[in-house]
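> I have a structure I would like to understand better, so I am pasting it below and will then ask my questions one at a time.
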Amino acid sequence: MKLSVVILSYNVRYFLELCIKSVQAAIADLDAEVIVVDNHSSDASCQMVKTLFPEITLIENKQNLGFSKGNNIGVTQANGEYICLLNPDTVVAEDTFKKTLAFAEVIPKMGILGCQLIDGRGQFLPESKRNIPTPIISIKKVLGFSSGYYAKHVSPSDIGEVDVLVGAFMILKKTVYQHVKGFDEDYFMYGEDIDLSYKVLKAGFQNFYFGEASIIHYKGESTLKDKTYAKRFYGAMQIFYNKHFKSNWAFDMMVWFGIRGSRLVLKTPKKVDKKTSGRILLSEHLDVNIKFPFKFEMAENLKTVAVNSQVIFDGNTMSYKQIIDDMISSDKKKFLTFRILPKNAQFIIGSDSSQQQGEVIVLPKLQ
């Protein structure tokens, strides 16, 4: 088997359904499998997987074991030569795996391969490619200065060697994952991808960013940007620093106070309330079996859509690649919001900000 896609999920039932549908479209011509690891969700995620995707391997954890342990459990069940670690709040294109695997095959010392991530507004997510967060860079980052944190030597649409890839999408050989002993389970949530990337580099492999493949990462859906998030994130940074960069007591104290002090200036992002002038369904034809609880107009492409509109992509008539490409290429994306109606689904889903939870509108069933 060539590829195992491991999706770790927690309480994102509708995002997970969209994610799986996009993955299945992307592995249609590949020798691949999908493994969903559920971290004890309470929102009927597991029942949805069993009902809609009975062919998928589902692992139901009896408690929330965190990101590291959950993924490690999934990888142990994987049969593929390559592993793709994928977040449940992502949408991949039909050619995502074909492109990335073809590139990975020609790199002799291939470590981790990442791709271009965009948010629900079509905006590039800079955490797609990062540098090693040395103590100085980490302190500057938590204080709001990102200089040196992101790998800006590679443009978003290019291909290049980088230090750190994002855990929302990582492709690597299972043998490489096993060689570095997978994710460090000292981390519960956040920082694991930095640690894994660094371990792979130290083992003599090369990490690459592949900007010719793009996926949507709604972000902020699995966890909220609140005090709990802050505690876990900065705690993860301390683990990483102590593990890889610990030097002398004076410098240790400076980093400790820097991380603690950053909590005092941390601000919870304000909720984005994007007002729209109307909803536009981008579709070749209207499915009479779908009932929308709101008024909308129809269009066949984004060129005719007015600014400040909410665009609903119809997954029944558009490919995921078309949707992603439209979101990236639209010159109006700063003035539009996007939603997706997944194929054969009764809900609309999307997000207006990578800093907060997404929106799900469940459509009423026809009587």
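The values are calculated or read from the model by the stated rules, or taken from the named source; none is laboratory data. None of these values were measured; they are calculated from a predicted model. Here Cβ is always computed from backbone atoms with ideal geometry, including for glycine, and neighbour counts include all displayed protein chains.
> Just give me the residues in segment 42-73 being under 14 Å from Leu16 (Cβ atoms) and surrounded by 21 or more Cβ atoms within 10 Å (Cβ to Cβ), in sequence order.
Ser45, Val49, Gly70
Condition check ((1) of a type outside the set (Phe, Trp, Tyr); (2) modelled with pLDDT of 80 or more; (3) more than 19 Å from the chain's Cα centre (by Cα)) across all residues:
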{"residue": "His179", "(1), (2), (3)": "yes, yes, yes"}
{"residue": "Lys199", "(1), (2), (3)": "yes, yes, yes"}
{"residue": "Gly211", "(1), (2), (3)": "yes, yes, no"}
{"residue": "His217", "(1), (2), (3)": "yes, yes, no"}
{"residue": "Asp252", "(1), (2), (3)": "yes, no, yes"}
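> Any residue at all in segment 12-19 that's within 20 Å of the chain's Cα centre (by Cα) and more than 22 Å from Ile323 (Cα to Cα)?
Checked against the condition, which is being within 20 Å of the chain's Cα centre (by Cα) and more than 22 Å from Ile323 (Cα to Cα), segment 12-19 yields no hits at all.
> Looking only at segment 315-327, how many residues end up being crowded, with 17+ Cβ neighbours inside 10 Å and under 21 Å from the mean Cα position of the chain (by Cα)?
Number of matching residues: 7.
Every residue, every condition in (1) over 29 Å from Asn72 (Cβ atoms); (2) modelled with pLDDT of 95 or more; (3) hydrophobic (A, V, I, L, M, F, W, C), yes or no:
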site: Ala104; (1), (2), (3): no, yes, yes
site: Pro108; (1), (2), (3): no, yes, no
site: Gly114; (1), (2), (3): no, yes, no
site: Leu117; (1), (2), (3): no, yes, yes
site: Ser128; (1), (2), (3): no, yes, no
site: Pro135; (1), (2), (3): no, no, no
site: Asp163; (1), (2), (3): no, yes, no
site: Gly167; (1), (2), (3): no, yes, no
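> What strands (runs of 3 or more DSSP E), lying completely within segment 275-314, carry at least 3 residues that are buried (at least 18 other Cβ atoms within 10 Å of the Cβ)? Outline the logic, then answer.
Details: elements: 278-282, 297-299, 309-314.
Correct list: 278-282, 309-314.
> Tell me the helices (runs of 4 or more DSSP H) entirely within segment 1-98 that contain at least 3 residues that are more than 19 Å from Lys173 (Cβ to Cβ) and touching a residue at least 40 places away in the same chain (Cβ under 8 Å).
Per the criteria, 13-26, 66-76.
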